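The values are calculated or read from the model by the stated rules, or taken from the named source; none is laboratory data. Everything numeric in this text was worked out from a predicted model, so none of it was measured. Positions of Cβ are backbone-derived with ideal geometry, glycine not excepted, and every protein chain shown enters the neighbour counts. Just so you know, the surface numbers come from the protein's heavy atoms only, side chains and all, with ligands and any DNA or RNA stripped out. Shrake-Rupley method; radii C 1.70, N 1.55, O 1.52, S 1.80 Å.
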Amino acid sequence: QVELVESGGGLVQPGGSLTLSCAASGRSFGWLAMGWFRQAPGKERELVATISATGSSTYQADSVKGRFTISRDNTKRTVYLQMNNLKPEVTAVYYCAASAYASASSRTTDFRSWGQGTQVTVST
């Protein structure tokens, strides 16, 4: 079990960039794949990107490929989501989650521990 705390959200203009961070507690962080998810108002939570325990493999949703990059620093027990060329349609609460497994996965059910979320708003 890991505890997760997201940060870095905020208001940004279209075309701008943000980097989200997720700090984890617990010795198991380095053994677990991590993921970022988002939930927009009135919509279901959706997967954005995941990264394996070692950071050697990643998965991105088609909607964010080329604009969002997931990375991690196991020495700092932190996972990041770099978001570039932001558009209003990505406005949502972004959640960090820890998988029960080491491999990067596109299955939401693999993720068992969740942070509280951080709001990202893209608007003029």
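The modelled label-to-label distance between LYS87 and THR121, using points 7 Å beyond Cα along the C-beta direction, is 2.1 nm.
Computed from backbone phi, the HN-Hα couplings of region 117-124 come to x, 9, 7, 10, 10, 10, 6, 8 Hz, rounded to whole numbers (Karplus: 6.51 cos²θ - 1.76 cosθ + 1.60, θ = phi - 60°; Gly and Pro given as x). Taken about its Cα centre, region 43-110 carries a charge dipole of roughly 140 debye when the Cβ of each Lys and Arg holds +1 and the Cβ of each Asp and Glu holds -1. For region 1-56, GluC sites (Glu not before Pro) meeting the loop criterion (DSSP other than H, G, I, E, B) and having at most 11 other Cβ atoms within 10 Å: GLU44.
Counting protein heavy atoms only, the chain has 47 percent of its accessible area on carbon and sulfur, 1.4 angstrom probe.
Could you give the length gained on full extension between THR19 and ASP73, defined as 0.36 nm per residue of separation minus the Cα-Cα distance, in nm?
On the way: separation 54, 0.36 × 54 = 19.44 nm, distance 1.40 nm.
That works out to 18.0 nm of additional length.
Note on the chain: GNM, Cα springs under 10 Å; of SER99, SER17, SER56, the largest mean-square fluctuation is that of SER56. For SER113, the residues whose amide H sits under 5 Å from its own are ALA98, ignoring neighbours fewer than 5 places away on the same chain, with H placed 1.01 Å from N. Accessible surface for the chain, divided over its residues, is 52 Å² per residue with a 1.4 Å probe.
A cut-off of 5 Å between modelled amide H atoms, ignoring neighbours fewer than 5 places along the same chain, links GLY16 with LEU86. Report the Cα centroid-to-centroid distance between region 31-93 and region 101-122 in angstrom, as an integer. For region 31-93 versus region 101-122, the Cα centre distance is 8 Å. FRET efficiency for the LYS65 to SER28 pair, using the beta carbon distance and R₀ = 30 Å, is estimated at 0.55.
Under a 5 Å amide H cut-off, with hydrogens placed 1.01 Å from N, ALA104 pairs with SER52, ALA53 among residues at least 5 apart or on other chains.
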